[in-house]
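A short worksheet on the structure shown next.
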Amino acid sequence: MDMKILVVNAGSSSLKYQLIDMADERVMAKGLCERIGTEKGHIKHSTSDGRVYEADADMPTHSEAFDCFVAALTSDEYGVIKSMSEINAVGHRIVQGGAIFHQSELINEKVLADIDQLSELAPLHNPAHVLGIRACVKCLGEHVPQVAVFDTSFHATMPATSYMYALPYEYYEKYQIRRYGAHGTSHRYVSDRCAEILGVDKKDIKIITCHLGNGCSITAVKDGKCFDTSMGLTPLDGFMMGTRCGGIDPSAVTYIMDKEGLTPKQMSDIMNKKSGVLGVSGVSNDNRDVTKAAEEGNERAKLACDMQVYQIRKFIGSYVAAMDGVDAIVFTGGIGENDSRTRREVCAQMNYLGVKIDEALNDTVHGKECILSTDDSRVKVLAIPTNEELAIARDTVALISK
Ligand code: ADP
């Protein structure tokens with residue numbers, strides 16, 4: 001397919017982009033505009049042939065950030081295209097699609113209004129996506145198709161037994177309080193890829209995908225569809241992450257708020273930004289720093305590492321039970337793709353499943369696709385680098401080709 005697709009991920013103060021040539025699915029250029037709306041806007045842009053442009057730039061809004069990277073993409077020195085008219089369509093990453101969006105959609109005013117309306121469920125993300133889309137339309141013109149790809153849509157197939165919370169039913173009716181999940185584009189990409197690598201139809205295989213990065217989530221995939229996932233109403237649920245606590249006794253929340261006199265916003269900040277591996281270790285939210293500290297004898301760092309591995313293993317076990325078995329376990333995300341220690345420790349005590357990985361091979365696998373399990377392992381274990389941008393670009397092509 002000879003098309004050039006721009007993939008955009010707009011955050012509240014940042015804008016990430018990739019330009020992908022769909023003829024060979026190659027990234028032509030990518031970049032990041034940061035600190036939009038502050039005095040210190042900054043762009044970093046790089047091309048596949050190694051040219052790098054980095055500069056401070058005035059970006060009071062997303063619109064100027066767009067102008068800034070468009071200038072880079074089309075410049076003589078750092079560009080990869082002559083003009084933006086070479087771009088066939090734009091795919092936007094959208095964090096929250098709620099119960100409205102079950103698949104990717106061509107963006108029109110109605111879709112935009114719905115994304116905006118879902119801001120209550122994703123206050124940090126959806127308003128920024130709307131700004132990003134509007135800035136993009138302003139910059140590229142109305143004639144260039146824009147596609148929305150939702151982090152939640154892969155999870156839309158969950159049965160009610162997986163997505164309902166045991167709260168009074170009225171809160172589900174009034175406020176749509178339920179599990180939506182996150183990282184769906186990543187779980188979809190790696191579970192599809194897993195079936196391809198193993199050479200089986202995705203409808204014939206049960207997969208547990210572990211996306212372990214700063215944010216972490218685990219998904220149970222059955223018949224090629226999401227059956228359950230660890231993140232919930234928001235990306236705070238599940239198990240401990242870099243700075244997020246994951247699932248804890250809800251009473252701990254009300255108790256701490258009461259004792260410390262905290263507002264909901266303050267408590268939310270503690271659970272989202274000061275907890276998890278950072279909160280327990282007191283060292284860092286970064287897996288590499290905490291692993292190093294643990295190896296040097298820091299006991300809280302060791303506890304944080306051990307807790308995370310234990311919680312991952314428990315989630316995997318619960319999804320084996322939920323799906324009545326598992327055929328493959330996939331590791332992805334910065335930790336899942338690179339950290340042989342986490343993979344080894346998670347797989348170490350899954351004898352009940354007959355999981356066996358080749359430890360020497362595991363130690364060599366960083367950021368590449370690999371089957372880590374031994375031939376006699378009853379469950380396949382794989383490392384698969386995720387590629388959300390490519391999944392977004394593919395969805396965009398599929399929708400505009402219809
Ligand atoms: P995000 O969720 O922000 O996209 P990533 O998927 O990039 O994050 O994952 C970031 C995490 O991956 C960090 O905790 C980092 O320490 C970890 N990580 C990245 N590379 C390695 C590596 N080579 N070894 C161990 N951990 C790594």
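At S83 and N351, where each label point lies 7 Å from the Cα along Cα→Cβ, what is the point-to-point distance in nanometres?
Modelled inter-label distance: 6.9 nm.
How many angstrom lie between the C-alpha centres of segment 274-311 and segment 71-121?
Here the two parts' Cα centres lie 37 Å apart.
Within segment 1-42, which residues have the backbone N less than 14 Å from the label spot 7 Å out from K138 along Cα→beta-carbon, could you tell me?
37
On a 0 to 90 degree scale, rounded to 10, what angle separates helix 264-273 from the longest Cα axis of the chain?
Here the helix axis deviates by roughly 80 degrees.
Which one, G31, Y53, T74, projects farthest toward the positive side of the charge dipole computed for segment 1-98 from Cβ point charges (K/R +1, D/E -1)?
G31
Note down the magnitude of the dipole of the chain about its Cα centre, charges +1 on Lys and Arg C-beta and -1 on Asp and Glu C-beta and zero elsewhere, to the nearest 20 debye.
Roughly 620 debye, rounded to the nearest 20.
Grab the DSSP H runs of the chain that are 4 residues or longer, score each as -39,500 (n - 2.57), total them, divide by all residues and round the 222 nm result to the nearest 500 deg cm²/dmol.
-12000 deg cm²/dmol
Could you give the length gained by full extension between K225 and D76, i.e. 0.36 nm per residue of separation minus their alpha carbon distance, to one decimal place?
The span from K225 to D76 would gain 49.1 nm if fully extended.
Can you give the FRET efficiency for E170 and E295, using 1/(1 + (r/R0)^6), R0 = 56 Å, r = Cβ-Cβ distance, to the nearest 0.05?
The calculated FRET efficiency here is 0.65.
Loop only per DSSP, at most 14 neighbouring Cβ atoms within 10 Å: give me the trypsin sites (Lys or Arg not before Pro) in segment 216-312, ordered by residue number.
When the trypsin sites (Lys or Arg not before Pro) of segment 216-312 are filtered for loop state and at most 14 Cβ neighbours within 10 Å, K274 remain.
May I ask for the distance between the Cα centers of segment 316-347 and segment 147-225, given as a whole number of Å?
Cα centroid to Cα centroid, the span is 15 Å.
Between A23 and D286, what is 0.36 nm times their sequence separation minus the Cα-Cα distance? Round to one decimal in nm.
Residue separation times 0.36 nm, minus the Cα-Cα distance, leaves 91.0 nm.
Checking the table K110/K222; K44/K225; K4/K402; K206/K302; K225/K314; K40/K265 against a 25 Å threshold on Cα-Cα, which pairs fail?
The pairs that break the limit, which is 25 Å between Cα atoms, are K110/K222; K44/K225; K206/K302; K40/K265.
What is the sum of charges around L140, taking Lys and Arg as +1, Asp and Glu as -1, for the other residues whose C-beta is under 14 Å from the C-beta of L140?
With Lys, Arg at +1 and Asp, Glu at -1, the net is 0.
Using Cα atoms only, what is the angle between the long axis of helix 184-198 and the major principal axis of the chain, expressed in degrees (0 to 90) to the nearest 10?
70 degrees
A short reminder: the numbers here are calculations on the coordinates, not readings from a lab. Note that this is a predicted model, so its numbers are computed, not measured. Backbone-built Cβ (ideal geometry, glycine too); neighbour counts: all protein chains shown.
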